[in-house]
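Just so you know, all these numbers are worked out from the coordinates, no wet-lab data involved. Keep in mind that what you see is a predicted model, and the values were worked out from it rather than measured. Reconstructed Cβ throughout: ideal geometry from the backbone, glycine too, with neighbour counts over all protein chains shown.
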Amino acid sequence: MKLIRVGQPGEEKPGVIRKDETRVDVSAFGEDFGETFFGSDGPARLAQWLEAQSDLPTFGAEERLGPPCARPSKLICIGLNYKKHAEEGGMELPPEPVIFFKATSAIVGPDDDVVIPRNSEKTDWEVELAFVIGKTASYVEEANALDHVAGYVLHNDYSERAFQLERAGQWVKGKSCDTFAPLGPYIATSDEVADPQALDLWLKVNGEKLQDSNTADMAFPVRHLVHYLSQFMTLLPGDVISTGTPNGVGLGFDPPRFLQPGDQVELGITDLGVQRQTVVACI
C-alpha cells in the first residue's frame, strides 16, 4: 500500500494511491498517519477497511502532496553509510553508524520548494532511503529488526555544509533549516519493498545525473540500523530514520558544487517514486 497526505501545509488529509494510480481520500477512516496509526497496526487496519469501501472521494492530480506521515517524534539520520560516499570525502568508513538528528520542522512535501537559508553559500543535496518505524523498538535483536519497520520513503537530506562543518558543534545546524527534509511522494508499506538493500537511487540537478547508486553499497543495512539505534533510544511508531547518501554530493566534487536559486532538483528510488524541487532564495 502507498500512503499519501494531500493538501496545503497544516491541512493535509490522509490518502492512498491505488494500483490504478488513483489518489483516494481516506479521511473517513478517522486517523492521520502518525504515531497512533503506525503503533496500532494501522496499515493492516486501513487495508481491511478499504476492502469494505466502494465510493470514496479522490484527490486531483494537481493537488499538493504533503509529507506522507504526520510530524514524527524523531527524524534520525545516518552519516557516512555508503562506501563510495566515504571515499569521495577522503574518509574511512566508521566502525559503527554515525548518528545525528534533523529537526522535524525541516520536513516538507516531496515537491515543495527548497529554500536556501540566509547567509548560506554551500547548500547541498543528498538522496536517501528512509524508513518509518511501525512498532516500538527498544533493544531489538537484529534477526527480527525488520518486523519493526512499517514502510519506506524517499528523502532528500539537504545540507548546508558551512553550517554543518565550519561552525563548530554538531551537524544538526547544517541539516535542520526549513524545507531541508522533503519526504515522499508516498510511504510504501514494507510488503511493497522486497529487499531494502537492492534499490537503485539517483539524483539530478538541472537534468544532470550526479548521484547514481544502489542501497547494496550501504555499510550498515536497514536491519542493523534498527537494532543499533534501539540500543541507545526507544524508537517510536512513526519515527523516520534516514539511512545515508551515496557518492555524488556537491561537496565531493573538485571544485565543490552547491545549489543556486532557480536550480531544479529531481531524485528517485526504485518503488518509492520521484521528488522534484525548485531551489529558491530565502526572502
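Convex hull volume of the Cα atoms in the range 112-188, per residue, in Å³?
Working: hull volume 9.1 nm³, N = 77.
About 119 Å³ per residue, rounded to a whole number.
Starting from the range 94-164, pick out the GluC sites (Glu not before Pro) whose DSSP state is loop and whose Cβ has at most 12 other Cβ atoms within 10 Å. Before the final figure, lay out each step's value.
On the way: sites: Glu121, Glu126, Glu128, Glu141, Glu142, Glu160; in loops: Glu121, Glu126, Glu141.
Answer in residue order: Glu121, Glu141.
Out of all DSSP beta bridges with both ends in the range 131-252, state the antiparallel percent to the nearest 5.
Working: 15 of 15 bridges.
Here the antiparallel bridges make up roughly 100 percent for the range 131-252.
Hey, what did the range 1-57 get for relative contact order, percent, Cα under 8 Å, at least 6 apart?
Numbers: 58 pairs, mean separation 14.5, N = 57.
So the answer I get is 25 percent.
Can you tell me the relative contact order of the chain? Whole percent, Cα pairs under 8 Å, sequence separation 6 or more.
On the way: 716 pairs, mean separation 71.8, N = 283.
Relative contact order for the chain comes out at 25 percent.
With the dipole of the chain worked out from charges on the C-beta (+1 for Lys and Arg, -1 for Asp and Glu) around the Cα centre, which of Gln48, Pro255, Val6 lies farthest toward the positive end?
Pro255
Per DSSP helix of 4 or more residues, -39500 (n - 2.57); summed, then divided by the residues of the chain. What does that give at 222 nm, rounded to the nearest 500? If you can, show how the numbers build up before the last one.
On the way: 6 runs with 38 residues, N = 283.
After summing the helix terms and dividing by the residues of the chain, the value is -3000 deg cm²/dmol.
Within the range 232-256, list the residues whose amide N lies under 19 Å from a label point set 7 Å along Cα→Cβ of Gln197.
What the label zone holds, given the 19 Å backbone N cut-off, is 241-247.
Would you mind putting 250-261, 213-224 in packing order, based on average other-beta-carbon counts within 10 Å, highest first?
Working: 250-261: 14.8, 213-224: 18.8.
Order by mean packing, descending: 213-224, 250-261.
Counting only DSSP beta bridges with both residues in the chain, what percent are antiparallel, rounded to the nearest 5?
Numbers: 50 of 58 bridges.
Rounded to the nearest five, the antiparallel share is 85 percent.
Once a ≥ b ≥ c are taken as the square roots of the eigenvalues of the Cα gyration tensor of the range 2-51, is the result rounded (a/c under 1.5), prolate (a/b larger than b/c) or oblate (a/b not larger than b/c)? Could you put the intermediate results ahead of the total?
Numbers: a/c = 1.94, a/b = 1.05, b/c = 1.84.
It comes out oblate by the Cα gyration axes.
Whole-Hz Karplus ³J(HN,Hα) for the range 217-222, in order, using 6.51 cos²θ - 1.76 cosθ + 1.60 and θ = phi - 60°, x for Gly and Pro?
Karplus values, whole Hz, x for Gly and Pro: 7, 4, 6, 10, x, 3.
Taking just the alpha-carbon atoms of the chain, what radius of gyration and Dmax come out, in angstrom?
Cα-based Rg and Dmax for the chain come out at 18.1, 58 Å.
Calculate the translational D of the range 138-283 in whole µm² s⁻¹ from Stokes-Einstein, where the hydrodynamic radius comes from the Kirkwood formula applied to all Cα pairs, the temperature is 25 °C and the viscosity 0.890 mPa s.
Working: Rh = 16.7 Å.
Stokes-Einstein gives a translational diffusion coefficient of 147 µm²/s.
On a full-extension model of 0.36 nm per residue, what is the gain between Met233 and Ser73, subtracting their alpha-carbon distance, rounded to one decimal in nm? Provide the component values of the computation, followed by the final result.
Numbers: separation 160, 0.36 × 160 = 57.60 nm, distance 1.21 nm.
Computed gain between Met233 and Ser73 is 56.4 nm.
Where the only charges are on Cβ atoms (+1 Lys, Arg; -1 Asp, Glu), what is the dipole of the range 2-51 about its Cα centre, to the nearest 20 debye?
Numbers: 7 positive and 10 negative charges, 36 e Å.
Computed about the Cα centre, the dipole is about 180 debye.
Give the aspartates and glutamates whose C-alpha is closer than 15 Å to that of Lys84, dropping any in the same chain fewer than 8 places away, or say none.
The reachable aspartates and glutamates, counting only those whose Cα sits under 15 Å from Lys84, are Glu92, Glu126, Glu128, Asp200, Asp212, Asp217.
Tell me, what ³J(HN,Hα) does each residue in the range 143-157 have, in order and in whole Hz, if you take phi through Karplus 6.51 cos²θ - 1.76 cosθ + 1.60 with θ = phi - 60° and put x for Gly and Pro?
4, 10, 4, 5, 5, 9, 9, 7, x, 10, 8, 7, 9, 9, 8
Treating only the Cβ atoms of Lys and Arg (+1) and Asp and Glu (-1) as charged, compute the dipole magnitude of the chain about its Cα centre; round to the nearest 20 debye. Walk me through the intermediate numbers first.
Details: 25 positive and 43 negative charges, 111 e Å.
Here the size comes out at about 540 debye.
Just want the answer: with Cβ charges of +1 for Lys and Arg and -1 for Asp and Glu, which residue in Thr179, Gln164, Tyr152 is farthest toward the dipole's positive end in the range 144-184?
Of the candidates, Gln164 comes out farthest on the positive side.
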